[in-house]
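To keep things clear, I will list the structure first and then write my remarks on it.
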Amino acid sequence: MKMMMALPALLAISLSAAALTPDEEVKDQAPDHYTVVKGDTLWDIAARFLKDPWSWPAVWQANPQINNPHLIYPGNVILLCQIQGHKLLAVDPGGGCKVVEQNMQVASMAAAEAGTDSTGSTVRLEPKITELASTTVIPTIPLRLILPYMNKSRVVSSDALKSAPYVLAGPENRLLAGTGDDVFVRGHAKPDTSYSMYRSEGSYIDPDTQELLGYEADYVCDVVVKSQKDDIARVQVRRMAQDLRIDDLMLPEQKRVITAVFNPVSSDKVKPGRVLRILGGVENGGKYSVIVINRGERDGVKQGYVFSLYRHGSVIEDRRTTELVRLPDEFEGVSMVFRTFSTVSYALILKAERSIQIGDDTKPPLSGDF
């Protein structure tokens with residue numbers, strides 16, 4: 001026998017499961033709706049409604065009746081609804097907040113019935129609303145700024161660096177090679193296999209523990225192995241980003257699925273860290289610069305984690321007492337992790353009140369930082 005529950009009780013279960021934050025998370029002047037346009041990002045939309053954009057997962061109500069309910073497209077209308085005393089955000093399914101509430105009730109009933117019919121067989125809930133026929137899904141942060149670092153750049157371990165085949169000689173003993181050229185690589189490779197060439201751009205050393213965290217490998221080009229004799233391989237240069245040089249490293253080509261949509265989340269469960277590098281060959285970073293931090297997957301960092309950035313408080317001498325006093329850390333900006341490795345992560349700076357420098361601190365964000 002199935003247990004039936006009243007709709008208000010079911011809805012309360014749904015709201016509780018969504019772990020809604022207090023209404024204070026919503027801006028006082030937040031609009032009651034917003035129509036998404038091309039060029040928007042999830043971060044932009046969250047900042048339009050919320051005091052702290054990383055609170056998005058707590059107030060977002062995905063439509064349970066469509067496939068990929070967390071995706072947002074241009075043309076969608078985002079509603080600010082108040083249901084059972086709680087504010088939440090949802091895509092207008094057609095019919096406003098009333099229909100949002102009804103959809104939540106339906107989802108709660110399905111959950112209460114454990115997804116089974118009277119025979120005990122699993123029931124597949126069919127989508128009731130057709131998704132927009134669009135591939136222009138709204139990304140979390142601007143893809144044009146992070147794509148170069150999502151699919152080709154990588155951080156490799158010391159062992160991987162030492163064991164990687166390397167360019168021994170270029171065409172006609174030239175020091176540089178271009179598209180279509182054959183070059184000789186020392187090391188073992190599989191014929192007819194795709195590889196990529198990288199250039200070591202220096203090591204990452206943890207400034208606090210002095211641990212070697214890995215090496216930045218800058219993408220150079222793609223190559224295909226044509227032949228192998230003993231430990232010398234002949235490879236042909238294919239698509240390239242820069243000229244291939246002697247000693248560049250050959251690593252297996254990465255096949256990665258680029259995730260454009262991920263939830264912004266506070267990094268409050270991760271130990272504070274430091275900025276190791278500002279990618280792009282610059283010493284100071286600003287808004288939309290990409291930084292490398294000394295916290296990675298082993299530290300619990302995930303895509304979408306938000307870190308605030310601070311200038312480490314300097315130590316000065318109190319002229320009156322001659323004591324050494326450390327000044328408070330100074331807030332600088334906000335960043336979001338978009339790619340993780342074992343020991344480090346790439347993050348995009350989304351707010352910068354002053355220039356960001358190597359050695360700056362990364363900490364969980366505080367309310368009002370953005």
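Computed from the coordinates by the stated procedures, all read-outs in this text should not be read as laboratory data. Everything numeric in this text was worked out from a predicted model, so none of it was measured. Neighbour counts are summed over all protein chains in view; Cβ atoms, including those assigned to glycine, are modelled from backbone coordinates with ideal geometry.
Scanning region 165-181 for residues being in contact (Cβ under 8 Å) with a residue 12 or more places away in the chain and either assigned to a loop (DSSP other than H, G, I, E, B) or touching a Pro at 6+ places or on another chain (Cβ under 9 Å) (or both) gives a total of 8. You will find that of T362, T343, the residue that is crowded, with 22+ Cβ neighbours inside 10 Å, of a type outside the set (K, R) and touching a residue at least 60 places away in the same chain (Cβ under 8 Å) is T362 and no other.
How many residues, within region 32-48, are touching a strand residue (DSSP E or B) at 6+ places or on another chain (Cβ under 7 Å), in a loop (DSSP other than H, G, I, E, B) and of a type outside the set (V, I, T)?
Step one: list which residues in region 32-48 are touching a strand residue (DSSP E or B) at 6+ places or on another chain (Cβ under 7 Å), which gives 32-36, 43, 45, 48.
From the residues that got through so far, the ones that are in a loop (DSSP other than H, G, I, E, B) too are 32, 36.
Of the ones still in play, those that are also of a type outside the set (V, I, T) are 32.
Summing the residues that are touching a strand residue (DSSP E or B) at 6+ places or on another chain (Cβ under 7 Å), in a loop (DSSP other than H, G, I, E, B) and of a type outside the set (V, I, T) in region 32-48 gives 1.
Apart from one condition, G273 fits all of (1) crowded, with 21+ Cβ neighbours inside 10 Å; (2) under 21 Å from P57 (Cα atoms); the exception is (2).
Of the strands (runs of 3 or more DSSP E) contained entirely in region 214-314, those carrying at least 1 residues that are within 15 Å of K152 (Cβ to Cβ) and within 17 Å of the chain's Cα centre (by Cα) fall at 290-293. Scanning region 243-272 for residues that are over 30 Å from T136 (Cβ atoms) and either touching an Asp or Glu at 6+ places or on another chain (Cβ under 8 Å) or without any contact (Cβ under 8 Å) to a residue 12 or more places away in the chain (or both) yields L244, V270, K271, P272.
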